[in-house]
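S.K.: The structure is given below, and queries will be raised subsequently.
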Amino acid sequence: VNATSLTSILIWLPVAGAILIWLLPLSRYATGSLALLFSLAEVAFWIEQAARFDFSQPGLQMEERANWFGDLGVSYHVGVYGFSLWLVGLTVVGMAACTCYGYWVGRDRSRAYFGLMLLLTGATVGVFESQDLLLFYAFFEAMLIPLYFLIGVWGGARRLEATIKFVIYTMAGSLLMLAAIVVYGLQAGTFDLVDGPTSASRWLFLGFMVAFVIKAPLFPFHGWLPDAYREAPPEVAAVLSGVIAKAGLYGMLRIAITKFPDPTSFYRTTVLALAAAALVYGSLLAFRSPDFRGVVAYSSLAQSGLIALGLFAGTDLGFDGAVLQMVAHGLISISLFLVAGAVERRTTTGEFRLLGGMARGRPALATLLMIVGVISLAVPGSASFAGEFLILAGVFQRAWWWSAIGAGAIVLAAMYMLRLISAVLHEARGSTVSDEALDLRPGELALVVPLVAGLLFLSAWPAGISSHSFTPDSPTAAVKSQFK
Amino acid sequence: VINTPPIDWFGLSPILALTGASFCALLCAVLVPRTARRVAAAGCSLAGFTAGLVLAIWLYVDSANGHTIAADAFYRDRWTALGQVILCCIGLATTLLAVEHVPGWGRDADPARRDNHVAEFFALLLASGAGMASFVGAANLMVLFLSLEWFSIALYVMCAIDYDLEGALEAGLKYLIVGSFGAGTLLFGSALVYGATGKISFHGISSAIGSQGLTGDTFVVVGIALIVAGLGFKMSAAPFHMWTPDVYEGAPTTVTAWMSSATKVAALLLTFRVMTTAFPDNQHLWGWAFAIIATISLAIGNFAALVQRNVKRILAYSAIAQAGFLLIGLSTGSALGGRALMYYLIPYSAAAFGSFAIVAARERELGVPVTLDNLAGFGWERPFLGVAMWFFVFGFAGLPLGGGFVGKFYVFAAAYQHGWVWLVIVGVLATLVSLYYYLGIVRAMYMRPSEELQLPPRSGVAVSGGSPARETLLHLAVGAALVVSVGSLFAVQPLIDLARDAASALPL
């Protein structure tokens, strides 16, 4: 395969898979297998793309460009940078694990379900690869449609309220972004992200940022988060927090910070304050949360805050750390939600007061949850320790108190994560935990272990991402040159 | 001796083809035996719209230099031709729908009466199509008014053709009264403009206003206001919308599908033409008027739709709101605005037609009006129609599933280019509100199990043996609408090129 067409293949292969699945009247198992095949093919294509990616070259790689509508300067323009390569990787790996989970638990209405999962994969990859603002917006919105169905049809009891809240929140943000895109593009004469100039307009910056802070989310725009993460099926919650939320953070990096340097420095303190608030408040809520998914959900809010702290620090270390942490937290959060799903399937609940003592007789579950939990609380030597350290060091260069707040929040992370581990695995045996509740089955191990292996790999070599995201320039220089 | 002007018959040929087919369909009503009448009349309709389509395409190709024909009564240019192409396509789709779905659900029970007025229905459909085809090409106020009455009268009868269907007579009568009032307003406005300028042709009016300095003339200003109001009735823009929900709800759904798409296409294309051609110097007046009408339509349409339960009423209010979006493009009066309007009308009319066609299918299988409650489970029972429906409503909502997304983007771009950022913001907020009820339709179809549906389908009527009626032609029509709606997202450039060529016929 031609290297440049890999970019488009990664977007459109899953879409083609979705259409195929909708058209073919296959059985549940055949449908699931076909979907799994497509998502694994995605991973293979991504590995190929990463292998062919030249980290010594600056600028956009594997670029493809075609006219969409010329009179307003809108084109189909896709390509990858170092950091978007990692996020695409996170997407395809995470989506493959989650599709596999859906297959494992045997979701009903399988053709609809697997088609939507593949559609979501394509749209999310599209967000990370598109280099045209309107194309970016189209994919950004397109992610919402499969998510709406996945939560609304396969979700928990209160799924309808959750979906309405989720959709209205995110659309409110993204429609303001559409207005900003129209204004920016017509002023610039092009909607191309690579060719487009920087802008000093604070209004436009805010128009973009409101979409991203809702998607990420940052405090106080997280109103949709607890319901959506609790009511979604576990694998969809995993995708939401592990992958989709990263689209908001990616947008901050690729568009808000890059294209609006002056407004970024003007609003830096404000955004840093929101990020710090998300970090501390999310950690506190996670500590107070009565259930497994609540802890993971609010810890995602906290982590989004931390990553935004790194991005808006505007320093080399901050950018590197933010990209590393996006990937690391993505893997952590997907693993945790999938384990939460496994626990819920065995006990019918995620509430801590009904759980406990699951470690006894279930070594695989205990070991995996322990490893992921320990990495997640940023134990020294882990991938998220590297990420958080870089972020805190980066924001320290801005002002010392930001990193003081961040360091405090890491203590909170240890508190909520240890509380989760002990409430699920240890303590007295919960009323819903019966002896019949099995350990993780080989099928479940097959989808969580690769994610954990990825985390362990990143723990051993965090520079694999942090030094390969903005090469060959320094991150700030790359941002300043708009990644050209 | 009256000197007859030379007439370019080819320029009028789509209208003539549709009128001729209409006469043939009417003859079917008396000459063809009842058993073959439906097929024969539908055949006339298909042939008529196909001929109209082919001739309109031919005219489009052949009319690069737009000019007036028949003594300055009619435009032969690409704006007219493209409008006629769209109208004939909608007409073809409506014919497919009508074969299986006219009369509406109320009369399936009585097979003896089913075919009573079917040939007249197709005759009226063709006649209204011919009227609209003439309307979009009108070059003077007289032709404008006559064409308006021509298609309106056909529509009044079509609304009430199913006279023992609950609400159909009410719909027909309401449309007749309100529509006549609108037509009267338009006529009065035309008279005032004629009184001030002494001209009825659009070009003549504009040059008279320019040369005699009549821009601020009271008669002209009031005349424009009345013409705007009269046309506002036809495009169901608020505050001239009050007939829309009742008529859309009461009329047979096939007629609603035709009205919501074709009437809007004709009314908006003609309005853009008459405003930019006859009143270019008064753009500061009508531009603002339409911007305000757009804002009111967006507000009323979207907020009123939020509280509806009947799906046809929701879609009717959505049609009012969509008129608001289309009017954003129109109000700018610029080349970009014209392009945006023409482009947007293509996915809009496909989605409007398709969504009502799907409602017709559900109505037929239930035997009662479709509400959000009895839509439950529809998406799972009829996968193709369900998927099509969410493509259409998400397209309305401006999600990137269809050309509606690009259309909205274009009208916002036109508004911004015109310096109206506030109108962009209004459009964005309106889109946000509209999401709630568009998502409500999808929620009703997919997210509530059909076991919740307490209403059993009528036995032995439309549903035989528990499975839905075979509706091949309906599926074909919906499929075509889906292809247009989704295809226009990908084929933006060719469609925009067509729209640009069409708009270049106007003095922009």
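Read the figures in this text as sums done on the coordinates, not as results from a lab. Treat the numbers as computed from the prediction; the structure is a model and nothing was measured. Here Cβ is always computed from backbone atoms with ideal geometry, including for glycine, and neighbour counts include all displayed protein chains.
S.K.: From the helices alone, meaning DSSP H stretches of at least four residues, give me the mean residue ellipticity at 222 nm for chain B, per-run term -39500 (n - 2.57), in deg cm²/dmol to the nearest 500. Working shown, then result.
M.R.: On the way: 21 runs with 369 residues, N = 508.
Computed ellipticity for chain B at 222 nm equals -24500 deg cm²/dmol.
S.K.: Tell me the relative contact order for the range A:239-383 as a rounded percent, counting alpha carbon contacts under 8 Å between residues six or more apart.
M.R.: Once divided by the residue count of the range A:239-383, the mean separation gives 24 percent.
S.K.: Place a +1 charge on the Cβ of each Lys and Arg in chain A and a -1 charge on the Cβ of each Asp and Glu, then give the dipole magnitude about the Cα centre in debye, rounded to the nearest 20.
M.R.: Working: 29 positive and 29 negative charges, 184 e Å.
Approximately 880 debye in magnitude.
S.K.: Continuing with the same structure: On alpha-carbon atoms, Rg over Rh for the range B:324-422 using Kirkwood Rh? Before the final figure, lay out each step's value.
M.R.: On the way: Rg = 16.4 Å, Rh = 14.6 Å.
That ratio is 1.12, to two decimals.
S.K.: Tally Lys and Arg at +1 and Asp and Glu at -1 over the other residues with C-beta under 15 Å from the C-beta of A:Thr198: what net charge comes out?
M.R.: On the way: positive: A:Arg202, A:Arg254, A:Lys259, A:Lys480, A:Lys484; negative: A:Asp192, A:Asp195, A:Asp262.
Combined, the nearby Lys, Arg, Asp and Glu give +2.
S.K.: So what's the gap between the Cα centers of the range B:480-495 and the range A:57-124, to the nearest angstrom?
M.R.: 22
S.K.: Let me ask another. Roughly how tilted is helix A:400-425, in degrees to the nearest 10 and between 0 and 90, from the longest Cα axis of chain A?
M.R.: Taking the Cα atoms of chain A, the angle to A:400-425 is about 30 degrees.
S.K.: Quick one: Debye curve from the alpha-carbon atoms of the range A:105-170 only, equal weights, vacuum; give me log10 I(q)/I(0) at q = 0.15, 0.28 Å⁻¹ to two decimals.
M.R.: Result of the Debye calculation: -0.52, -1.14.
S.K.: Now, a different point. Give the Debye-formula value of log10 I(q)/I(0) at each listed q (0.09, 0.13, 0.17, 0.20 Å⁻¹), with one equal scatterer per alpha carbon of the range B:127-274, two decimals each.
M.R.: Values, matching the q order: -0.29, -0.56, -0.88, -1.13.
S.K.: Helix A:28-52: angle to the longest alpha-carbon principal axis of chain A, degrees 0 to 90, nearest 10?
M.R.: Approximately 50 degrees, to the nearest ten.
S.K.: Report, in deg cm²/dmol and to the nearest 500, the calculated mean residue ellipticity at 222 nm for chain A, where each DSSP H run with n ≥ 4 adds -39500 (n - 2.57) and the sum is divided by the residue count.
M.R.: On the way: 20 runs with 340 residues, N = 484.
Only helices count here, giving -23500 deg cm²/dmol.
S.K.: Please report, in cubic angstrom per residue, the volume enclosed by the convex hull of the alpha-carbon atoms of the range A:112-219.
M.R.: Working: hull volume 10.5 nm³, N = 108.
Looking at the range A:112-219, the number lands at 97 Å³ per residue.
S.K.: Moving on to the next point. Any idea what Rg and Dmax come out to for the range A:383-443 if you just take the C-alpha atoms, in Å?
M.R.: Cα radius of gyration and Dmax of the range A:383-443 are 18.3, 54 Å respectively.
S.K.: Here is a further query. Would you mind checking B:Lys264/B:Lys408; B:Lys174/B:Lys234; A:Lys215/B:Lys312; A:Lys484/B:Lys408; A:Lys165/A:Lys259 for any pair whose Cα atoms are more than 24 angstrom apart?
M.R.: Values: B:Lys264/B:Lys408 16 Å; B:Lys174/B:Lys234 13 Å; A:Lys215/B:Lys312 34 Å; A:Lys484/B:Lys408 31 Å; A:Lys165/A:Lys259 30 Å.
Where the Cα-Cα span goes over 24 Å, the pairs concerned are A:Lys215/B:Lys312; A:Lys484/B:Lys408; A:Lys165/A:Lys259.
S.K.: What number in nm² do you get for the range B:262-413 if you take the convex hull of its Cα atoms and divide its surface by four?
M.R.: On the way: hull surface 35.2 nm².
Average projection, Cα convex hull of the range B:262-413: 8.8 nm².
S.K.: Would you mind counting up the charge near B:Ile293? Only other residues with Cβ under 15 Å from its Cβ, with Lys and Arg at +1 and Asp and Glu at -1. Mind dumping the intermediate values first?
M.R.: Details: positive: B:Lys234, B:Lys264; negative: none.
Neighbour charge sum, excluding B:Ile293 itself: +2.
S.K.: If you don't mind, another one. Grab the other residues whose beta carbon is less than 11 angstrom from that of A:Ala157, score K and R as +1, D and E as -1, and report the net.
M.R.: So the environment of A:Ala157 carries a net charge of +1.
S.K.: Here is a further query. Taking only the alpha-carbon positions of the range A:203-361 and ignoring solvent, what does the Debye formula give for the base-10 log of I(q)/I(0) at q = 0.20 Å⁻¹?
M.R.: -1.18
S.K.: If we restrict to alpha carbons, what Rg and Dmax does the range B:156-207 come to, in Å?
M.R.: Cα radius of gyration and Dmax of the range B:156-207 are 17.0, 52 Å respectively.
S.K.: Rounded to whole Å and sorted largest first, list the principal axis extents of the Cα atoms in the range A:44-138.
M.R.: 45, 36, 15
S.K.: Here is a further query. If you fit an axis through the alpha-carbon atoms of helix A:202-215 and take the longest principal axis of the Cα set of chain A, what angle between them do you get, 0 to 90°, nearest 10?
M.R.: With both axes taken from Cα atoms, the answer is about 20 degrees.
S.K.: Tell me the Rg and the Dmax, in Å, that the Cα atoms of the range B:214-260 produce.
M.R.: When restricted to Cα atoms, the range B:214-260 yields Rg and Dmax of 14.8, 46 Å.
S.K.: Grab every C-alpha pair in chain A, bin the distances at 10 angstrom width from 0 up to the longest one, and report whole percents.
M.R.: 4, 22, 33, 27, 11, 2, 0
S.K.: For the range B:392-433, take the alpha-carbon Rg, divide it by the Kirkwood Rh, and send me Rg/Rh. Show your work: numbers first, answer last.
M.R.: Numbers: Rg = 10.3 Å, Rh = 10.3 Å.
Radius of gyration over Kirkwood radius for the range B:392-433 works out to 1.00.
S.K.: With the convex hull built on the Cα atoms of the protein assembly as shown, state its orientation-averaged projected area in nm². Each step should come with its number before you reach the end.
M.R.: On the way: hull surface 163.4 nm².
Mean shadow area of the hull around the Cα atoms is 40.9 nm².
S.K.: Could you give the DSSP H helices of chain B that reach 30 angstrom or more along their long axis (alpha carbon positions) and whose average Kyte-Doolittle hydropathy is no lower than -0.5? Provide the component values of the computation, followed by the final result.
M.R.: Values: long enough: B:34-62 (42 Å, 0.95); B:78-101 (34 Å, 1.18); B:168-197 (42 Å, 1.16); B:283-306 (34 Å, 1.31); B:311-332 (32 Å, 1.21); B:335-366 (47 Å, 0.67); B:421-446 (37 Å, 1.76).
Helices passing the filter in chain B: B:34-62, B:78-101, B:168-197, B:283-306, B:311-332, B:335-366, B:421-446.
S.K.: Compute the normalised compactness of chain B: alpha-carbon radius of gyration over 2.2 N^0.38 Å, N being the residue count. Present the calculation step by step, with values, prior to reporting the outcome.
M.R.: Numbers: Rg = 21.8 Å, N = 508, 2.2 N^0.38 = 23.5 Å.
Taking N as the residue count of chain B, the ratio is 0.93.
S.K.: Taking a quarter of the surface of the Cα convex hull of the range B:293-367, what do you get in nm²? Please report the intermediate quantities before stating the final value.
M.R.: On the way: hull surface 20.2 nm².
For the Cα atoms of the range B:293-367, the hull's average projected area reads 5.0 nm².
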